[in-house]
1. So, with +1 on the Cβ of K and R and -1 on the Cβ of D and E, and no other charges, what is the size of the charge dipole of the chain about its Cα centre, to the nearest 20 debye?
2. How long, wide and thick is the chain, going by the Cα atoms along their three principal axes, in whole angstroms, largest first?
3. What residue among 171, 247, 192 has its Cα farthest toward the positive end of the dipole of region 166-271, where the charges are +1 on Lys, Arg and -1 on Asp, Glu, each on the Cβ?
4. Fully extended, how many nm does the chain gain between residue 9 and residue 81 (0.36 nm per residue separation, minus their Cα-Cα distance)?
5. Calculate, axis by axis, the spread of Cα positions in region 217-279 along the three principal axes, and write the results as whole Å, longest axis first.
6. Report, please, the projected area of region 9-70 averaged over directions, based on the convex hull of its C-alpha atoms, in nm².
7. In region 206-263, what chymotrypsin sites (Phe, Trp or Tyr not before Pro) fall in a loop by DSSP, with at most 12 other Cβ atoms inside 10 Å?
8. Amide H neighbours of residue 101 under 5 Å, at least 5 residues apart or on other chains, H built in the peptide plane: list them.
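Taken together, the values in this text are just the output of simple stated rules run on the coordinates, not laboratory data. Keep in mind that this is a model prediction, so the values were computed, not measured. Neighbour counts run over all protein chains shown; Cβ positions are idealised from the backbone, glycine included.
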Amino acid sequence: MDRQKLPTLKQLQCFLAVAEELNFRRAAEKMNMTQPPLTRQIQCLEETIGCSVFSRSTHAVQLTPAGILLASKAQTLISELSQLVHSLRNGQHSLRIGMTNMLDFQRINRFSSSIKQMEENEQVVIHADASRKLLMSLMSGEIDLVFSGEKALVDSSLVYTKIHTEPLMTVIPESHPAASLQTVAMEDVSDIPLFWFPRNYNVGYFDKCDAIFKRLRYELKKIKEPEDLLMLLNSVAKGKGIALMPQSMSHSTINGLCYRPLTKEYNQKLNIDVYLVHRINEDRKQVVDAINQIIKLSD
């Protein structure tokens, strides 16, 4: 058996906190610890994997190429381990809720307190993934409820209830002239490509936005969007393109990029409708009660 030393869960959690904040002080506050122990966790992680994950200067903290790769995998590892622990602990008595990873529900005021309660409730297991994958798991009975970004999978066995509309933000290089604007129209960034995703990732969201793109007064150039968020943000910061990102996800600070709201005209068109989805014949009290509670929050 390979007994190679591996990073600890705590090291990965500390690493992700710094990767998101790009600031050791803020990351320590996020982890409810002081900065020296957090720094030691990062140092131990780097010693374990044999390379640096951050480049540090007196002015900035940036991810190294190894750090970007680790960040793209670490959250999935932690989430899968968390789901396994919850499943083992709770057996078949858990309420299994899927939440699209398009949004950060902790940063949406109407849901933040309820999501926190769910996470603290040992009888609730939360799965984060792409909407389409979650809906397929819902149809197969592996999940009880899904928070879906748009109607990512249409099937007669599923019931969709709209519970929220999430605004989109433009993510643009700081060097671009549109960075000086308070709100940005698509025409303001017509000279730079848009990072975009394949249609099969989320058919409903893709088609909604594509219909708007086709009515633009210019030809929109689209380039393939990196699957990892940090890689996407770094590409924008380097001036390779712009991105459209949900407001709740627009908080990572990276040198060279900025977030700007869309103009009122585009804000009303380019957004993400969030749906609570359940199976059509759902009658279990635990699930029905959860549906009613979540819908009440959205009123």
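1. 240 debye
2. 59, 58, 35
3. 192
4. Roughly 25.0 nm would be gained on extension.
5. 42, 31, 21
6. Details: hull surface 15.1 nm².
Its average projected convex-hull area is 3.8 nm².
7. 218
8. Residues meeting the criterion, in which the H sits 1.01 Å from N, are 129, 130, 131.
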